[in-house]
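The structure under discussion appears below in the form of structure tokens.
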Amino acid sequence: MPVAWDEFRLVRAIAERGALAPAAAHLGINPSTAFRRLAAIEAELGARLFERHRSGYVATPAGEAMAASAARMEEEVARFDREVADRAQTPSGLLRVTAAGTLVTDLLMPMLGRFRARYRQVQIELITSEEALNLSRRDADVALRATRDPPPNLVGRRLATIAWAVYGPAQAMVDGAEADWVSPSEAVAGGLFARFVAARAGPERVALRLNTVQGLCEAICEGIGIGPLPCYRGDRLAQLRRLSGPEPALAGTLWLLTHPDLRHAARVRAFMDHVAAEVAPLRPALEGRPSHGSVP
């Protein structure tokens, strides 16, 4: 009996994650269900797909072949979806947008409100994620990302430079040579921010490390320490004041990206045009020139 598509997806999920529990979570099933289904697949095929070790599940050659087949099948399904979406001329249907949490709250949400008011036939699914989702697999249709190196397999628009500076509490007298710091950890942006702070303060002066950019602003406002913030956020808060000019070492670039197969889809094209037009007057604030503009 032919193996069903869902079973290919299960084998691929286990092969990619090396364990039943995370594979089951990815597929929205119970680990016990995943265990039973895997046993049934192996029995049906008469072949062992995984070696079970204490460290996890390791695919056998048969398992690797099945996982590779699943990847090819998924890409074909995604390609078909993109081709169908490309044929639609009126902006409508589901639009999946992904962005980091700080971009969602500080920048994107007002734009989504105005977009939705203009295009009532488009339903938006917003995926807040600090990780880069796979647009080729349709994890999302459009990504708003602050990055210096956008993936080469995506297309899109460079919207603005994002300037960063050092900020501290507005009412406190801060001596930068003696102050405590708050800092993103080495896990954020390849350690860019951690290296910046380490060059200015010893480890004993880093009062708080965070594994995301979210929370930095609140920590500085609470007086835990001084630290780097994007200027478009730090400059608009009365509780904060700049302690430096824009730091070139921390500058990033704001990109709006999509898959090449989706760039002519009506809903994607309308969204990218809308966001680009909304960001244009905000560039001075994003680039650290708040007197010429502000982020709503």
Subset of region 169-185 (residues that are buried (at least 22 other Cβ atoms within 10 Å of the Cβ) and in contact with a Gly (Cβ under 8 Å, 6 or more places away or on another chain)): 181, 182, 183
So, in region 194-209, of the ones that are in contact with a Ser or Thr (Cβ under 6 Å, 6 or more places away or on another chain) and closer than 10 Å to residue 225 by Cβ, which residue ends up surrounded by the fewest Cβ atoms within 10 Å (Cβ to Cβ)? 206
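One line per residue, one yes/no per condition, for (1) surrounded by 15 or more Cβ atoms within 10 Å (Cβ to Cβ); (2) farther than 17 Å from residue 119 by Cβ:
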{"position": "230", "(1), (2)": "yes, yes"}
{"position": "238", "(1), (2)": "no, yes"}
{"position": "245", "(1), (2)": "no, yes"}
{"position": "249", "(1), (2)": "no, yes"}
{"position": "255", "(1), (2)": "yes, yes"}
{"position": "275", "(1), (2)": "yes, no"}
{"position": "287", "(1), (2)": "yes, yes"}
Members of region 271-287 found to be more than 21 Å from the chain's Cα centre (by Cα) and among the small types (Gly, Ala, Ser), listed by number: 277, 280, 285
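So which of 188, 182, 174 is in the same structural domain as residue 211 (by TED's automatic domain parsing) and at pLDDT 95 or above?
Of the residues listed, the single one that is in the same structural domain as residue 211 (by TED's automatic domain parsing) and at pLDDT 95 or above is 182.
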Search region 1-24 for residues that are free of Cβ contacts under 8 Å to residues at least 24 places away in the same chain and pair each with any residue that is surrounded by fewer than 16 Cβ atoms within 10 Å (Cβ to Cβ) and outside any helix (DSSP H, G or I) when their beta-carbon atoms are under 7 Å apart and the residues are at least 6 apart or on different chains. 24/30
Count of residues meeting criterion [within 27 Å of the chain's Cα centre (by Cα) and either within 12 Å of residue 165 (Cβ to Cβ) or of a type in the set (Lys, Arg) (or both)] in region 198-239: 13
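May I ask you to verify whether residue 285 is within 27 Å of residue 223 (Cβ to Cβ) and either modelled with pLDDT of 95 or more or not basic (Lys, Arg) (or both)?
yes
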Pairs where the first residue, in region 205-234, is among the basic types (Lys, Arg) and the second is in a loop (DSSP other than H, G, I, E, B), C-beta under 7 Å, 6+ apart: 205/180; 209/185
Assigned by TED's automatic domain parsing to the domain that holds residue 262, surrounded by 14 or more Cβ atoms within 10 Å (Cβ to Cβ), under 21 Å from residue 103 (Cα atoms) and at pLDDT below 90: does that describe residue 154? yes
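The values are calculated or read from the model by the stated rules, or taken from the named source; none is laboratory data. Since this is a predicted model, take the numbers as computed values, not measurements. Glycine also receives a Cβ, built like all others from the backbone with ideal geometry; neighbour counts cover every protein chain displayed.
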